[in-house]
Ligand SMILES: Nc1ncnc2c1ncn2[C@@H]1O[C@H](COP(=O)(O)OP(=O)(O)OP(=O)(O)O)[C@@H](O)[C@H]1O
Ligand SMILES: [Mg+2]
């Protein structure tokens with residue numbers, strides 16, 4: 001295990017659209033250590049998703065270097081990137097992105113089936129354990145259409161953590177959720193982080209960012225702010241507060 | 001991923017779109033069913049024809065009047081009254097390779113016995129006829145050369161005729177009347193069954209040709225001469241010998257067409273099988289067109305499926321699937337679809353050929369090889385037509401695929 005999970009060095013990404021070029025990232029230096037919980041913020045079009053795609057090895061940078069969990073990523077082939085995504089990274093997306101008409105446990109088991117290292121044997125049991133970790137032990141055989149948005153996102157989180165990745169990446173994971181479920185999902189992230197998971201999460205809302213430990217702000221393809229969260233909140237405590245409020249209102 | 005899991009996933013996704021999969025497989029189903037019926041019918045027809053050949057006799061050669069047209073269709077052979085007993089005598093005397101020869105005088109007529117009467121075929125033949133047709137007697141004796149020479153009124157009954165005229169009675173030594181001429185039954189022939197055209201070989205009465213000429217027809221021309229050789233290897237030589245002898249005796253100049261036809265039993269069987277060959281070819285055409293259309297159907301549906309499931313592909317790539325994993329997944333899906341269609345087609349074709357066999361009386365044959373080939377072929381169609389869509393799926397960019405609505 002490497003103590004530095006992410007180290008980027010003047011990371012650049014330029015999209016060529018027709019005749020013009022879009023400089024989505026203009027040189028990002030970012031270092032994230034194991035056990036951190038980073039919220040990436042910024043206005044729309046600032047380059048957050050582009051950065052996440054590079055960090056997640058879904059895309060390759062135009063220029064610059066990237067070292068993930070001790071592995072230099074730039075210059076790796078497609079299949080090697082696929083293996084890194086499978087073993088070192090867990091993704092959580094805004095739109096949940098679960099396989100439709102596929103049960104929760106089948107969805108969660110999927111990354112293990114693509115694992116070529118063969119280190120995971122009893123994939124079914126591991127998938128069930130992951131779902132239990134996010135509190136969905138009683139929804140194993142439910143299909144996405146039979147689950148609420150919050151539950152679907154928890155299934156997605158279970159799928160992201162089932163391979164015990166070095167890094168969990170979440171691009172606006174609460175973008176489609178209401179306040180209550182947002183807080184519930186953030187509580188799970190906080191709990192996972194406390195258990196040692198490194199998490200990088202993109203969000204628009206500062207109410208979400210305060211559950212993280214560190215805020216990185218991107219503007220126009222560059223990091224313009226990088227600081228620890230001052231008045232950090234506990235999502236679990238917030239839920240309790242919400243519950244008492246609801247009870248007194250009723 | 002393990003193939004087991006891949007097949008499971010493929011079956012899952014087919015089950016999710018049952019109706020669509022069924023329609024997609026229809027082409028394959030029809031194609032394979034047609035192949036199965038085709039092969040079964042082809043085998044059945046061939047084994048029938050083979051049975052007929054041995055039914056005809058051993059090493060038989062048939063001489064008929066009139067020239068054979070190209071393609072083997074005889075042009076109304078009976079219109080030519082130019083075969084005679086002289087030809088039979090000439091062949092018997094001069095031919096070296098030919099071991100047996102007999103005229104066949106064919107008439108139809110009413111036959112009356114103690115137990116009933118029956119309209120049947122009456123063949124006037126020589127004693128060699130028994131050797132040529134390899135036809136044993138079930139009881140009694142074949143008539144002798146003496147009977148032929150003395151123009152005796154003796155008759156042999158086919159099984160069917162014996163049954164009709166003498167139900168429950170031993171016909172040997174009984175009197176029958178053929179066209180009001182009394183005959184003595186000397187024997188009953190062994191059963192031969194049906195011929196190529198489905199007529200009953202046992203529905204026949206055999207008498208000496210001399211008797212047939214004097215007592216029944218009064219005609220001198222002979223519609224058919226049969227000959228045979230001792231060995232199968234001599235058939236071609238015997239045919240050629242007969243042809244040369246006949247040309248000589250008729251003084252046909254070199255290069256002029258013959259006014260008779262000499263055929264062996266294989267050539268006859270070939271002509272008989274030409275109709276089933278047309279049917280086989282028709283079925284083969286249906287089969288290949290169906291398989292082609294079925295394959296294109298699979299390709300079409302798989303292309304739609306790849307587009308529809310772009311997001312799914314994006315998810316799979318994001319969580320670590322390789323391009324080759326996605327390729328295999330879609331390929332397995334189209335192969336499973338092909339093989340499933342093949343199996344359904346197999347069942348359908350099997351039932352179809354059984355039903356056909358039931359109504360036509362042909363025994364249809366189903367060999368394990370045919371089953372293997374049919375399933376293998378439908379799987380191959382799945383691979384061939386599924387490859388392009390699968391390649392398309394595997395080449396997708398994960399980010400764009402994830403963003404796809
Ligand atoms: N595939 C692409 N081709 C061309 N330009 C692109 C592509 N992807 C992103 N861009 C451009 O790069 C810039 C950064 O986009 P990005 O998606 O990273 O923004 P973002 O910060 O995630 O925005 P949002 O908050 O709206 O999600 C934008 O100007 C966008 O138009
Ligand atoms: Mg974005």
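Residue selection: residue B:379 fails the criterion of being at positive phi and more than 14 Å from chain A (Cβ to nearest Cβ).
For the condition out of contact with any helix residue (DSSP H, G or I) (no Cβ under 9 Å at 6 or more places or on another chain), more than 23 Å from residue A:58 (Cα to Cα), away from chain B (no Cβ under 14 Å) and within 16 Å of ligand 1 (Cβ to nearest atom), residue A:225 qualifies. Figure legend. Inter-residue proximity from the range B:279-298: first residues touching a residue at least 60 places away in the same chain (Cβ under 8 Å), second residues surrounded by fewer than 14 Cβ atoms within 10 Å (Cβ to Cβ) and assigned to a helix (DSSP H, G or I), beta-carbon distance below 9 Å, spacing 6+ or different chains. Indicated pairs: B:297/B:23. Of all residues in the range A:60-77, those satisfying the criterion of being within 14 Å of chain B (Cβ to nearest Cβ) and surrounded by fewer than 20 Cβ atoms within 10 Å (Cβ to Cβ) are A:60, A:76, A:77. Taking the range A:172-197 as the range and being buried (at least 23 other Cβ atoms within 10 Å of the Cβ) and within 10 Å of the chain's Cα centre (by Cα) as the test, the residues that pass are A:173, A:189. On the stretch given as the range B:214-267, residues that are in a helix (DSSP H, G or I) and in the same structural domain as residue B:92 (by TED's automatic domain parsing) total 23.
Would you confirm, using the coordinates I've provided, whether residue B:335 is over 15 Å from residue B:389 (Cα atoms) and modelled with pLDDT of 90 or more? When the stated conditions are applied, residue B:335 does not pass them.
Please determine whether any residue of the range A:57-71 is closer than 25 Å to residue A:190 by Cβ, assigned to a strand (DSSP E or B) and more than 15 Å from ligand 1 (Cβ to nearest atom). Lay out the reasoning, then the answer.
Narrowing the range A:57-71 to residues closer than 25 Å to residue A:190 by Cβ: A:68-69.
Those left that are additionally assigned to a strand (DSSP E or B): A:68.
Next cut, more than 15 Å from ligand 1 (Cβ to nearest atom) only: A:68.
Looking through the range A:57-71, at least one residue is closer than 25 Å to residue A:190 by Cβ, assigned to a strand (DSSP E or B) and more than 15 Å from ligand 1 (Cβ to nearest atom).
To keep it simple, each residue is scored yes or no on (1) modelled with pLDDT of 95 or more; (2) closer than 21 Å to residue A:49 by Cα; (3) out of contact with any helix residue (DSSP H, G or I) (no Cβ under 9 Å at 6 or more places or on another chain).
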site: A:194; (1), (2), (3): yes, no, yes
site: A:210; (1), (2), (3): yes, yes, yes
site: A:218; (1), (2), (3): yes, yes, no
site: A:230; (1), (2), (3): no, no, yes
site: A:245; (1), (2), (3): no, no, yes
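With respect to residue A:46, determine if the residue is surrounded by 15 or more Cβ atoms within 10 Å (Cβ to Cβ) and more than 14 Å from every other protein chain (Cβ to nearest Cβ). First the steps, then the outcome.
Details: surrounded by 15 or more Cβ atoms within 10 Å (Cβ to Cβ): yes; more than 14 Å from every other protein chain (Cβ to nearest Cβ): yes.
Judged against the criteria, residue A:46 is a match.
Among the residues of the range A:1-47, those that are touching a strand residue (DSSP E or B) at 6+ places or on another chain (Cβ under 6 Å), within 16 Å of ligand 2 (Cβ to nearest atom) and not in a strand (DSSP E or B) comprise A:42, A:46, A:47. Only one entry in A:14, A:31 is more than 11 Å from chain B (Cβ to nearest Cβ) and near ligand 1 (Cβ under 10 Å from one of its atoms), namely A:14.
The residues listed here are B:185, B:181, B:161; of these, the one that is touching a helix residue (DSSP H, G or I) at 6+ places or on another chain (Cβ under 7 Å) and either under 18 Å from residue B:115 (Cβ atoms) or surrounded by fewer than 22 Cβ atoms within 10 Å (Cβ to Cβ) (or both) is B:181. So which residues in the range A:136-166 are under 17 Å from the mean Cα position of the chain (by Cα), more than 14 Å from chain B (Cβ to nearest Cβ) and surrounded by fewer than 18 Cβ atoms within 10 Å (Cβ to Cβ)? Selection gives A:149 alone.
Which of the following residues is within 16 Å of ligand 2 (Cβ to nearest atom) and either within 14 Å of another protein chain (Cβ to nearest Cβ) or in contact with a helix residue (DSSP H, G or I) (Cβ under 8 Å, 6 or more places away or on another chain) (or both): A:185, A:202?
A:202
Tally up the residues in the range A:87-110 that are surrounded by fewer than 24 Cβ atoms within 10 Å (Cβ to Cβ), in contact with a strand residue (DSSP E or B) (Cβ under 9 Å, 6 or more places away or on another chain) and more than 8 Å from chain B (Cβ to nearest Cβ), please. Adding up the residues that qualify gives 2. Being away from ligand 2 (no atom under 16 Å from the Cβ) and touching a residue at least 60 places away in the same chain (Cβ under 8 Å) holds for only one residue in A:90, A:77, and it is A:90.
The residue that is farthest from residue B:89 (Cα to Cα), counting only those in the range B:188-213 that are modelled with pLDDT of 85 or more and surrounded by fewer than 22 Cβ atoms within 10 Å (Cβ to Cβ), is B:191.
The values are calculated or read from the model by the stated rules, or taken from the named source; none is laboratory data. Worth saying up front: this structure is predicted, and the values here are computed from it rather than measured. Reconstructed Cβ throughout: ideal geometry from the backbone, glycine too, with neighbour counts over all protein chains shown.
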